[in-house]
1. For region 33-86, name all the residues that are at pLDDT 95 or above and more than 17 Å from G156 (Cα to Cα).
2. Do we find that S431 is among the hydroxyl-bearing types (S, T, Y) and either part of a loop (DSSP other than H, G, I, E, B) or closer than 23 Å to N228 by Cβ (or both) in this structure?
3. Could you check E292 against (1) in contact (Cβ under 8 Å) with a residue 40 or more places away in the chain; (2) surrounded by fewer than 17 Cβ atoms within 10 Å (Cβ to Cβ); (3) not in a loop (DSSP other than H, G, I, E, B) and say which number it fails?
4. Could you look through region 81-107, keep only residues that are within 13 Å of F253 (Cα to Cα) and of a type in the set (A, V, I, L, M), and pick out the one that is surrounded by the fewest Cβ atoms within 10 Å (Cβ to Cβ)?
5. With A484, A461 as the choices, which residue is among the hydrophobic types (A, V, I, L, M, F, W, C) and within 26 Å of G343 (Cβ to Cβ)?
6. I'd like to check something: does region 415-429 contain any residue that is over 17 Å from E490 (Cα atoms), assigned by TED's automatic domain parsing to the domain that holds G345 and touching a Leu at 6+ places or on another chain (Cβ under 8 Å)?
7. If you go through region 463-475 one residue at a time, do you hit one that is hydrophobic (A, V, I, L, M, F, W, C), touching a Leu at 6+ places or on another chain (Cβ under 7 Å) and in a loop (DSSP other than H, G, I, E, B)?
8. Condition (residue is within 22 Å of F298 (Cβ to Cβ), over 19 Å from the mean Cα position of the chain (by Cα) and in a loop (DSSP other than H, G, I, E, B)) applied to region 113-120: is it met by at least one residue?
Amino acid sequence: MKPTSKEVAMAATSPNYESQSSTCHGRNGNRVFHRAVILLAWCMISCGPGLAGDQPAVFHAQGEMAGEVTATGVILQSRLTAGEGLQAGDVPGTLGVACFEISTKADFSGARRTDWLKAEAEHDFIVRTAVSGLLPGTRYFYRLVCGANESVTRSGPTRTFRTLPGAETSAEVGFIVITGMNYDPFMTGKVNGTAPASATAEDKRLGYPALEVMRRLRPDFFVGTGDNVYYDRPVSTAAQSLPAMRRKWHEQFVLPRCVSFFGEVASFWEKDDHDTRYDDCDNTGDKAPSPELGRRVFLEQLPLADPAATKPLTYRTHRVSRDLQIWFTEGRDFRSPNKDPDGPGKSLWGRQQREWLQRTLLASDATWRVLVSPTPLVGPDDARKRDNHTNPNGFRDEGDTFFAWLKQNNVKNFIIICGDRHWQYHSIHPSGYEEFACGTLCDENARLGQKPGGKSSTDPAAEIRQPWIQKEASGGFLRVLSKAARLTLEFYDDTGKLLYRHEA
């Protein structure tokens, strides 16, 4: 909608109006006139078809995200769009420029500003920058400043994140872990499991209800363990090209609950099979999308890699506090072919990543070491699969060898959190190490799981102990609280009902 002349005049004289143009530095007698002219120009660029109608509108419908937060840095990201929402099933991007303002004050007093960034088609109109020199354990506020060019821009809504306390501080930290944001069954009601569909018309307009439950818990950060989108669902229209794969991210992250949640909570991301290529994929075969394209789109769409990095790695570790260190592993890029016979030469992690994991685990002096894996190491899982460390015909040998290494090196206070499984559980490996499966985000993607001793499970001899497993199929998430030497793990369903709590 075009602003009226009265609205222009009111906005131009408002103390809250900000312009990036140097023309607003006139004397008092000309200031209102200059501001009005500038606002009119801004409306032509940023408010849809303007008075001149010859400049494209610039929006950022998918909001902003703060990723890979550390004690002193963060990666900020947005995407410039040609509209405020879905258009014909996608969110078209647009050319433009943007920067970020960041401050410890909600009114942005004393704010610092990043360099200008160009939104270009080659990178799906995504703008991303790494910000360093931040204070540990501090709440920051940030916002996008964008426009068709640097002369006339506007500021977006205020977003926020909190930096990690860092290795020197024993501070309370809470974070949330999820897997399986499966957009298609959530929107269509054609469930991908055994739980009945529960999404209302309002949920389909706003997005996954669990996101709002999670937001109200005010976590310090969020972890997506993979299957963040599903390229291969629905099967009839599987995404196999670059535009189709990008569309999967656009349609999901434009949902209002996604915009709201990720605008308030820093995030860490892993990928798994469905957001790399297709179900249980490896790096073999000619079926589209290719492994290379899967890796490219993942790094393009999420605030994970520093834009200056030439060969970014998706496995990494972060020291959260004096008491907590977290490891994120990569399960798709370096794996041996799934069909290879299991044995010492077959690896899901690849030698370099496995050696890095062992080396950094031993070097850590954190009270708790938490491995967040896209796939399970304990289970039990479905015996039919060949995809992960629990599967006898998959990568069981590497998993067993890893647990033996942990015991041999007396690695204590070590737990595993895994994604991939569509149910929640707490399991204990015969070696004594514990695994917590976070479960899938929405009811439409949930099912009941395998138990120790099950004939169709990876543990028919019931060697695994399982203190708890979800008894009713539902979506949900895992919440982890670190306080001094205590670690508390809580399972919730997608309505916010607490299902199980374990204190370690």
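1. G67, E68, V69, T70, A71, T72, G73, V74, I75, L86
2. Numbers: among the hydroxyl-bearing types (S, T, Y): yes; either part of a loop (DSSP other than H, G, I, E, B) or closer than 23 Å to N228 by Cβ (or both): yes.
For S431, the condition - among the hydroxyl-bearing types (S, T, Y) and either part of a loop (DSSP other than H, G, I, E, B) or closer than 23 Å to N228 by Cβ (or both) - is met.
3. Unmet condition: (1).
4. L86
5. Going through A484, A461 in turn, the sole match is A461.
6. Yes, that holds for at least one residue.
7. So in region 463-475, the residues hydrophobic (A, V, I, L, M, F, W, C) come out as 464, 468-469, 473.
Then keep just the ones that are touching a Leu at 6+ places or on another chain (Cβ under 7 Å); that gives 473.
With in a loop (DSSP other than H, G, I, E, B) added as a condition, the list becomes 473.
Yes, the conditions are met somewhere in region 463-475.
8. yes
The values are calculated or read from the model by the stated rules, or taken from the named source; none is laboratory data. This structure is a prediction, so every number in the text was calculated from the model and none was measured. In this analysis, Cβ positions are derived from the backbone assuming ideal geometry, glycine residues included, and neighbour counts consider all displayed protein chains.
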